[in-house]
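Colleague: Before we start, here is the structure in question, set down as structure tokens.
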Amino acid sequence: LHALRRTTSGDATWSHDTVAAHAVDDPALLIDGGQAHAVFRDGLDLQGHAAYSAGAWTNDVTDPLQQAPEASGALAAYSFSGAVHRVSRAGSDGHLYDIFPSSTGVSALDLTAGAHDGGGNVPPAATYRPAVYAPNGLAPRIAFRALRGAIWIIERDTLNARNLAAQAVKADDPDAGTPGAPTAAGSPTALGGDGSRIFYRSVDGLIIEIFNDGGTVKWREIWANAAADPVAITHAGCAGRRA
């Protein structure tokens with residue numbers, strides 16, 4: 001895993017750093033407290049984490065205190081309660097694990113086993129890379145594609161789980177009928193803030209948006225003929241950008 005960086009925006013010279021010797025799958029990046037973090041699945045299927053500080057990358061990919069099973073999906077990174085968390089599908093059962101610093105060094109929480117829906121049932125196995133977003137004033141939500149393509153979320157503080165795809169009704173359609181958003185084909189992306197939204201590519205190549213409208217979960221198609229997973233960002237002067 002390599003990192004390229006420039007000292008200033010006007011500096012045409014790029015510097016190169018080796019972050020890790022054996023990385024698998026694409027990394028995810030996070031800037032937290034002015035420090036850069038990279039999380040990744042390594043060649044031994046460990047959930048790697050590297051931080052850039054004082055001109056060098058350090059990583060704990062071989063941390064002996066790591067308690068999670070071997071990674072079986074791509075990682076996501078987020079900040080919660082003053083610590084950098086890495087979350088990924090791990091083990092043969094497709095559970096989501098959250099790995100974070102603790103008083104014992106590194107702890108791992110089995111989100112799937114600990115979470116529950118309104119009926120007390122645990123969420124299904126996860127696939128692909130999860131996405132993390134935080135509504136204003138609330139703890140992060142972890143969105144993921146379940147094994148058969150439904151989009152679920154897990155609330156990080158309460159561990160409440162919801163099948164958003166099953167709850168969502170089609171927006172701007174008075175005859176929406178039975179709730180149910182299209183089946184996802186890949187990894188979701190999400191936006192937090194005051195207008196939390198989840199985007200994903202359907203099996204038919206549509207870009208689907210799931211959002212909360214006055215307490216009702218809704219979905220709508222915002223693009224067609226997508227060939228890969230979308231990425232969502234926000235910036236000043238615009239409610240949202242989807243790509």
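Colleague: Identify all residues within region 20-44 that are modelled with pLDDT of 90 or more and either in a loop (DSSP other than H, G, I, E, B) or under 10 Å from Leu75 (Cβ atoms) (or both); write none if there are none.
Modeller: Matches in region 20-44: Asp26, Pro27, Ala28, Ala38, Val39, Phe40, Arg41.
Colleague: Kindly establish whether Gly149 is surrounded by fewer than 18 Cβ atoms within 10 Å (Cβ to Cβ), in contact (Cβ under 8 Å) with a residue 24 or more places away in the chain, in a loop (DSSP other than H, G, I, E, B) and on the phi > 0 side of the Ramachandran plot.
Modeller: Against the criterion (surrounded by fewer than 18 Cβ atoms within 10 Å (Cβ to Cβ), in contact (Cβ under 8 Å) with a residue 24 or more places away in the chain, in a loop (DSSP other than H, G, I, E, B) and on the phi > 0 side of the Ramachandran plot), Gly149 qualifies.
Colleague: Consider region 78-112. How many of its residues are touching a His at 6+ places or on another chain (Cβ under 6 Å) and without any contact (Cβ under 8 Å) to a residue 60 or more places away in the chain?
Modeller: Matching residues across region 78-112 total 6.
Colleague: Separate question: Would you confirm whether any residue within region 134-141 is on the phi < 0 side of the Ramachandran plot and in a strand (DSSP E or B)?
Modeller: Among the residues of region 134-141, at least one is on the phi < 0 side of the Ramachandran plot and in a strand (DSSP E or B), which makes the answer yes.
Colleague: Scan region 207-219 residue by residue and report those that are farther than 18 Å from Asn163 by Cβ and surrounded by fewer than 18 Cβ atoms within 10 Å (Cβ to Cβ).
Modeller: Passing the criteria: only Gly214.
Colleague: Being surrounded by fewer than 16 Cβ atoms within 10 Å (Cβ to Cβ) and more than 29 Å from Ala108 (Cβ to Cβ) is the filter here; which residues of region 174-193 pass it?
Modeller: Pro174, Asp175, Ala176, Gly177, Thr178
Colleague: State which residue is nearest to Arg197 (Cα to Cα) when the search covers only region 111-133 and only residues that are in a strand (DSSP E or B) and open to solvent by 30 Å² or more (accessible area, probe 1.4 Å).
Modeller: Residue satisfying both the conditions and the ranking: Val132.
Colleague: Here is a follow-up. Are any residues in region 156-173 open to solvent by 60 Å² or more (accessible area, probe 1.4 Å) and within 15 Å of Pro130 (Cβ to Cβ), and if so, which ones?
Modeller: Arg162
Colleague: Hey, could you check region 82-128 for residues that are touching an Asp or Glu at 6+ places or on another chain (Cβ under 9 Å) and of a type in the set (Phe, Trp, Tyr) and say which is nearest to Asn163 (Cα to Cα)?
Modeller: Only one residue fits best here, namely Tyr128.
Colleague: Could you give every pair whose Cβ atoms fall below 6 Å, whose first residue belongs to region 197-219 and is touching a residue at least 40 places away in the same chain (Cβ under 8 Å), and whose second residue is in a loop (DSSP other than H, G, I, E, B) and surrounded by fewer than 18 Cβ atoms within 10 Å (Cβ to Cβ), counting only separations of at least 6 or pairs across chains?
Modeller: The qualifying pairs are Val203/Thr183; Lys218/Ala171.
Colleague: Out of all the residues in region 203-218, which are acidic (Asp, Glu) and not in a strand (DSSP E or B)?
Modeller: Asp204, the sole residue that qualifies.
Colleague: Of the residues that sit in region 71-99 and are part of a strand (DSSP E or B) and surrounded by fewer than 19 Cβ atoms within 10 Å (Cβ to Cβ), which one is nearest to the chain's Cα centre (by Cα)?
Modeller: Per the stated criteria, the residue is Ser79.
The values are calculated or read from the model by the stated rules, or taken from the named source; none is laboratory data. Because the structure is a prediction, the values reported are computed rather than measured. When we count neighbours, we look across all protein chains shown, and the Cβ atoms used for this are built from the backbone with ideal geometry, even at glycine. SASA here: full protein model, heavy atoms, side chains in, ligands and nucleic acids out. Shrake-Rupley method; radii C 1.70, N 1.55, O 1.52, S 1.80 Å.
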